[in-house]
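Participant: Pasting a structure here, questions to come.
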Amino acid sequence: MAINFNKSYKFAFISSFYISIFVIGSLLMYHFFIENISLFVILIFPITLFLFSFYLIQYRVENFIYKRIKKLYDEVSILDATSLSNKTVTTDITTLTKDIRNFAKEKKIEIESLNIREEYRREFLGNISHELKTPLFTVQGYLDTLIDGGAIKDKTLRVKYIERASKGVERLISIVQDLDMISKFEVGDLNLEMSKFNIVSEIQNVFDMLEMKADQKNIILMFDEKYSAPIYVEADKERIQQVLTNLVMNSIKYGKENGTTEVSLEKINKNKVLIRIHDNGIGIEKHNLSRIFERFYRINKSGSREEGGSGLGLAIVKHIIEAHNEKIFVQSTYKEGSEFSFTLKNAK
């Protein structure tokens with residue numbers, strides 16, 4: 001079994017061995033060609049010299065390297081005390097190189113992550129600024145027209161402008177309420193009121209509520225089959241209705257004329273029910289799929305704003321499902337359609 005030496009000891013050993021060979025050769029030459037030196041001296045002196053050289057070289061090299069490596073560790077530890085400060089300082093260059101490479105790799109990943117977060121932060125601030133600015137300017141415009149113009153004297157115009165300003169205020173309130181809800185979900189401050197209810201009935205209620213909206217684009221809201229028996233789930237009924245409304249509304253908003261929105265239910269095991277909302281609309285491009293649940297992230301920057309909404313619908317959906325300790329999934333093929341699905345606990 002091979003013996004593994006510390007590299008600094010190996011360096012000292014080999015250096016000492018070379019010195020000893022040199023001295024032995026010198027003594028042998030001196031013994032045979034110059035004077036008669038006893039074999040005892042020839043054997044003992046090189047061994048003594050070897051041990052002395054070994055410890056001297058080891059001590060010198062270790063101190064020489066240690067001081068410089070210790071300084072390097074101290075300098076790096078300033079950057080990240082938790083990563084290196086508890087490690088033993090080593091004179092093994094391979095170990096040191098590995099530590100530094102790992103440290104550099106971790107820092108690179110951390111910096112890349114921070115850059116991505118910073119980019120998302122800037123985009124989020126830009127989006128929220130745009131979302132709030134639009135209704136604010138709408139309200140301000142109509143009010144300024146009433147105050148500075150002659151519209152205040154015209155009852156018809158006055159009522160019309162006040163109603164439009166009121167809609168702008170309602171949109172502002174909706175955005176703030178949605179943001180407040182997301183914030184509460186994120187800090188775990190929004191309690192769910194769990195109950196047992198028939199998910200089939202709730203889906204039908206959402207269909208009935210959005211039927212007129214779907215009719216404007218001749219979109220059919222339908223189940224994949226007739227569910228004659230109820231399917232009970234245990235969840236917050238109001239929040240799940242909000243999830244269903246947002247997902248079906250999105251399927252209508254981004255659906256094609258004369259298209260369909262189809263909902264299917266499947267018991268995937270004794271404890272879970274899978275709800276799928278499938279449409280044959282415009283679909284989602286692959287590079288957008290990973291970001292559609294972000295706050296204010298819009299796939300179609302201009303068209304979706306014309307459709308209205310706060311831009312927080314899918315973010316709210318994700319938080320509600322995750323608050324139930326469930327999962328939400330999305331599959332989409334661009335220009336062919338999308339399918340959103342999520343699980344709920346099956347109520348026996």
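The values are calculated or read from the model by the stated rules, or taken from the named source; none is laboratory data. No experiment lies behind these values; they were computed from the predicted model shown. Methodologically, a virtual Cβ is constructed for each residue, glycine included, from the backbone with ideal geometry; neighbour enumeration extends over all protein chains shown.
Participant: Mind listing whichever residues of segment 160-213 are surrounded by 16 or more Cβ atoms within 10 Å (Cβ to Cβ) and β-branched (V, I, T)?
Facilitator: I175, I182, I199, V200, I203, V206, listed by residue number.
Participant: Condition first: surrounded by fewer than 19 Cβ atoms within 10 Å (Cβ to Cβ), touching a residue at least 60 places away in the same chain (Cβ under 8 Å) and over 25 Å from the mean Cα position of the chain (by Cα). Now tell me which residues in segment 270-302 satisfy that.
Facilitator: K270, N271, K272, H278
Participant: Quick one: N250 ticks every box in (1) in a strand (DSSP E or B); (2) in contact (Cβ under 8 Å) with a residue 24 or more places away in the chain except a single one, so which number is it?
Facilitator: The number of the failed condition is (1).
Participant: Inside segment 131-154, can you point out the residues that are in contact (Cβ under 8 Å) with a residue 24 or more places away in the chain and either outside any helix (DSSP H, G or I) or closer than 30 Å to V317 by Cα (or both)?
Facilitator: Hits for segment 131-154 are E131, L132, T134, P135, L136, T138, V139.
Participant: Go through M194, M249, M222 for me and flag whichever is of a type in the set (A, V, I, L, M) and more than 31 Å from the chain's Cα centre (by Cα).
Facilitator: Going through M194, M249, M222 in turn, just one is of a type in the set (A, V, I, L, M) and more than 31 Å from the chain's Cα centre (by Cα): M222.
Participant: Output the number of the condition that L157 fails; it satisfies all remaining conditions of (1) without any contact (Cβ under 8 Å) to a residue 24 or more places away in the chain; (2) closer than 30 Å to L265 by Cα.
Facilitator: Of the numbered conditions (1) without any contact (Cβ under 8 Å) to a residue 24 or more places away in the chain; (2) closer than 30 Å to L265 by Cα, the odd one out for L157 is (2).
Participant: Here is a further query. Using the structure shown, decide if N102 is outside the structural domain of R295 (by TED's automatic domain parsing), at pLDDT below 80, under 30 Å from the mean Cα position of the chain (by Cα) and part of a loop (DSSP other than H, G, I, E, B).
Facilitator: No; evaluated as a whole, the condition is false for this residue.
Participant: If we scan segment 129-136, do we find a residue that is at pLDDT below 75, farther than 28 Å from L179 by Cα and surrounded by 14 or more Cβ atoms within 10 Å (Cβ to Cβ)?
Facilitator: no
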